[in-house]
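The values are calculated or read from the model by the stated rules, or taken from the named source; none is laboratory data. Just so you know, these numbers come straight off a predicted model, no measurement behind them. All Cβ positions, glycine included, derive from the backbone under ideal geometry; neighbour counts span all protein chains shown.
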Amino acid sequence: MRGSTREYGMTSQIDTDVRESIDADVLVGIFATAMKAKLYDDRYRATMRAGKISGMYYSARGQEIIPAAISAVLAPDDFVVTMYRGVHDQIAKGVSLRTLTAELFGRATGSCKGKGGPMHITDVSCGLIVTTGVVGSGIPIAVGVGLSAQMRRSGQVAVVNFGDGAANIGAFHEALNLASIWNLPVIFVCQNNRYAEYTAYSEGTSVDQIAKRGASYSMRSMHVDGNDARAMYRAARIAIDAARAGEGPSLIEAVTYRFHGHLMGDAMEYMPKDELKAAIDADPVLRLRAEIIAAGDRTEAEIADLERQILEDIDDAFNYAIAAPLPDIAELTTDVYGTETR
Ligand SMILES: Cc1ncc(C[n+]2csc(CCOP(=O)(O)OP(=O)(O)O)c2C)c(N)n1
Ligand SMILES: [Mg+2]
């Protein structure tokens, strides 16, 4: 489109107070994914506390419903880009627990042969394109992934997860602008957990809703309760269906909360105790669990069985990763440069 002929018609703020009525099996699927991410995170922190592994860990506890609902809409060959606080996104996209845990532990059998580690979990085989440690840096990468899908006419879409702090980084604005101009199949998911490192949302962000920023880029935008499976599923469905239909990108601001501070060891003094307690009391995964049982969609015993199976899989993955070898020194210089594929 050239000169002044562009029509800026795509801007729309979609009302996400409306919740989707979801088929019971889909809802249980969202719960199973979210519970898997929760139990995995619980185990990871316990293993660190026991001194069995070291390193930096950015817990995503509290934010699990967001990727669980998104993955209920995504196809296996769609793409996801995420960030250091990303275990929930990685599990939801289908990275195997063994491969994931081995990579987190820096083992040779990890998804990047132990050379990526927690900050760079990548598993192209299931569409997890990359995990980044630089705030906001995954956002333009997802634009490139979306451009590739568009050029190949593959019908695939790219989802990128980032935090509220990342929405104040220049790359966020450049990426949204380009995705809008080129009508790319990208879904920008801001997981607004109300804090950027140790800075409260209102101290660092000029708008009350990040979703409002979508209007600057003529982009379909939604402000949604990311802890509500039905609302989150509806937002994901609108955005993903639109991207797949050639109707361009969307911005979803999913409001949530993180339960364990910025990283393991954070004293969390900047987070009001009553605010934290209220968030934990309303644990979205446990809330969904109770809802499913109350509605009669599954019995308590059926859910307990599901959780037992998840815990067995987690045990298996941790045992596998602990026993796995570290990368050989000869690996130091392999995979440093790409090879020509064309
Ligand atoms: C470009 C850049 N600046 C600063 C940092 C240090 N840093 C790491 S995480 C973080 C806060 C990001 O907050 P947010 O985007 O809300 O994500 P959250 O950690 O809350 O999930 C900062 C400032 C970094 N990694 N990269
Ligand atoms: Mg944040």
Subset of region 156-179 (residues that are out of contact with any Pro (no Cβ under 6 Å at 6 or more places or on another chain), more than 13 Å from ligand 1 (Cβ to nearest atom) and in a helix (DSSP H, G or I)): His173, Glu174, Leu176, Asn177, Leu178
Pairs with Cβ under 9 Å, 6+ apart, first in region 288-304 and farther than 13 Å from Ala24 by Cα, second among the charged types (D, E, K, R): Ile303/Arg289
Test: Lys52 is over 18 Å from the mean Cα position of the chain (by Cα), in a loop (DSSP other than H, G, I, E, B), of a type in the set (Lys, Arg) and crowded, with 17+ Cβ neighbours inside 10 Å: no
Test set (1) in contact (Cβ under 8 Å) with a residue 24 or more places away in the chain; (2) within 16 Å of ligand 1 (Cβ to nearest atom); (3) not small (Gly, Ala, Ser) - Val134 fails condition number: (1)
Matching helices (runs of 4 or more DSSP H) fully within region 261-342 where at least 3 residues are within 30 Å of Tyr198 (Cβ to Cβ): 273-281, 284-294
Pairs where the first residue, in region 190-206, is farther than 13 Å from Ala254 by Cβ and the second is small (Gly, Ala, Ser) and near ligand 1 (Cβ under 8 Å from one of its atoms), C-beta under 6 Å, 6+ apart: Ala196/Gly165; Gly204/Ala196
Of the criteria (1) within 15 Å of ligand 1 (Cβ to nearest atom); (2) closer than 30 Å to Arg6 by Cα; (3) not acidic (Asp, Glu); (4) not in a loop (DSSP other than H, G, I, E, B), which one Ser206 fails: (4)
Test: Ile22 is touching a Pro at 6+ places or on another chain (Cβ under 6 Å) and either modelled with pLDDT of 95 or more or surrounded by fewer than 24 Cβ atoms within 10 Å (Cβ to Cβ) (or both): no
The listed residue being more than 16 Å from ligand 1 (Cβ to nearest atom) and under 23 Å from Asn168 (Cα atoms), out of Val95, Val143: Val143
Test: residue in region 253-261 that is surrounded by 10 or more Cβ atoms within 10 Å (Cβ to Cβ), at pLDDT below 95 and either of a type in the set (Val, Ile, Thr) or closer than 30 Å to Ile238 by Cβ (or both): no
